[in-house]
Amino acid sequence: MDRQLHCGGGRLIRQALTALVATVFGASAFAEGCGNDGVAVQVLGSGGPELTAGRASSGYLVWVEGRPRVLVDAGGGVMLRFAEAGARVADLNAILFTQLHADHSADFPALVKAASFEARTQVLPVYGPAGSRHMPATVAFVRDLFDPARGAYRYLGDYLSPLSKTAWKLAPHDVRSKPPRLPVGRKPADGEPIPVFRNEYLAVSAIPVAHSDAPALAWRIETGGKSVVFSGDTSGAGDALARLARGADVLIASHAVAEDAGEAERLLHMPPSRIGEIARTAQVRQVVLSHRTRRTFGREEDSAAQVRRHYGGPVAFANDLDCFRP
Ligand SMILES: [Zn+2]
């Protein structure tokens, strides 16, 4: 990836044009994806859990030949950006969650409801982490929302019920490592990437990453000879993320804390220097810093310098609706 398609002043001009065209032709007349060819990752939400004007919480779209194939995370505000990107739920091959904290999942039920107005006909797989004492597993989370008998949104239970005759259904899955079979006395190595699914367009794998007591996954999407890796929120402890990101064209890294983050913050999030170390170890081709928060706004120069202490490739800061092309 060597260029950022939309940023800064261009973004403002584009938004003004979008508003003008939407006023004249109606909102659907202006599709704002990342072009119609090749592979691109579009930032739907570059913010975190705080209220931040102009930024949705975590969300990303991977476009392949002009179609939005994979949605990674669905935090608050992502539904609006998804619409502004000109995407349709009907085109998605899968939804992937890096974790189930609210800033990564709150718009998920809204997108499911929105899909009821589209002509989707395929099962929609939803992949995310297994559970813990503090967090539900992904299957339990989707059931808590849509179970026809007891879900919070049971009125949408047809999308989960095996008995319903809807045109499409949700298919939630927990992603967990299978313990490897090893000779007696040999310790298992740190986790290897887990192949999660593949189809004619893409191959998707994941690896569990440390994020305090919340189960979390980093994701890798391979398509058209390109690879995009999403760190999700993680302390960056261990070598899991570097293993998953090895040789990737783009690493979208969660940049929630600045370099002077304290011990408690570092249990949850990577300081910029750790992002740089991982990018160097993995030899990724570009780093995009996203999941930006009040702890990092105004510190961009220092954060970029901290990444560059270790990593010599291009470093960019994400804004909502930016497109990055491998
Ligand atoms: Zn987060």
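Could you tell me whether segment 261-273 includes any residue that is away from the ligand (no atom under 15 Å from the Cβ), touching a residue at least 40 places away in the same chain (Cβ under 8 Å) and more than 20 Å from the chain's Cα centre (by Cα)? The answer is no; no qualifying residue exists. No other residue among VAL229, VAL307, VAL287 is modelled with pLDDT of 95 or more, farther than 24 Å from ASP103 by Cα and surrounded by 24 or more Cβ atoms within 10 Å (Cβ to Cβ) apart from VAL307.
Filter segment 213-222 down to the residues that are part of a strand (DSSP E or B) and either farther than 22 Å from GLY45 by Cα or not aromatic (Phe, Trp, Tyr) (or both), then identify the one that is nearest to the ligand (Cβ to nearest atom). Across segment 213-222, the extreme among qualifying residues is ALA216.
Pairs are defined by a Cβ separation below 7 Å, a sequence spacing of at least 6 or placement on different chains, a first member in segment 92-109 that is over 14 Å from LEU80 (Cα atoms) and among the charged types (D, E, K, R), and a second member that is part of a loop (DSSP other than H, G, I, E, B) and near the ligand (Cβ under 8 Å from one of its atoms); the pairs so defined are ASP103/GLY48; ASP103/PRO49; ASP103/SER57; ASP103/SER58; ASP103/GLY75. Considering ALA210, ALA242, the condition of being within 16 Å of the ligand (Cβ to nearest atom) and surrounded by fewer than 24 Cβ atoms within 10 Å (Cβ to Cβ) is satisfied by ALA210 alone. For segment 136-160, residues that are in a loop (DSSP other than H, G, I, E, B) and buried (at least 20 other Cβ atoms within 10 Å of the Cβ) total 2. When the residues of segment 161-176 are filtered to those that are closer than 22 Å to ASN93 by Cβ and free of Cβ contacts under 8 Å to residues at least 12 places away in the same chain, the one that is surrounded by the fewest Cβ atoms within 10 Å (Cβ to Cβ) is PRO162.
If you go through segment 223-239 and keep only what is more than 16 Å from the ligand (Cβ to nearest atom), outside any loop (DSSP other than H, G, I, E, B) and not polar (S, T, N, Q), you end up with LYS226, VAL228, VAL229. Of the candidates ARG55, ARG88, the single residue that is touching a helix residue (DSSP H, G or I) at 6+ places or on another chain (Cβ under 9 Å) and either within 16 Å of the ligand (Cβ to nearest atom) or of a type in the set (D, E, K, R) (or both) is ARG88. The condition (being more than 13 Å from the chain's Cα centre (by Cα) and within 16 Å of the ligand (Cβ to nearest atom)) is satisfied by just one residue among ALA114, ALA137, ALA102, ALA130: ALA102. Within segment 245-258, the set of residues being over 17 Å from the mean Cα position of the chain (by Cα) and either assigned to a helix (DSSP H, G or I) or within 15 Å of the ligand (Cβ to nearest atom) (or both) comprises just one member, VAL257. Whether a residue is surrounded by 21 or more Cβ atoms within 10 Å (Cβ to Cβ) and either within 27 Å of ALA203 (Cβ to Cβ) or modelled with pLDDT under 95 (or both) was assessed, and LEU111 does not pass this test.
Only one entry in ILE194, ILE252 is hydrophobic (A, V, I, L, M, F, W, C) and either free of Cβ contacts under 8 Å to residues at least 40 places away in the same chain or closer than 16 Å to ALA130 by Cα (or both), namely ILE194. The listed residues are GLY86, GLY48, GLY38, and the only one of them that is of a type outside the set (Lys, Arg), modelled with pLDDT under 95 and over 20 Å from TYR127 (Cα atoms) turns out to be GLY38. Taking the conditions (1) touching a residue at least 40 places away in the same chain (Cβ under 8 Å); (2) in contact with a Phe, Trp or Tyr (Cβ under 7 Å, 6 or more places away or on another chain) in turn, VAL287 satisfies each one other than (1).
The values are calculated or read from the model by the stated rules, or taken from the named source; none is laboratory data. For clarity, every value in this text was computed on a predicted model and none was experimentally measured. Don't worry about glycine lacking a Cβ; one is built from the backbone with ideal geometry, like all the others, and counts go over all protein chains shown.
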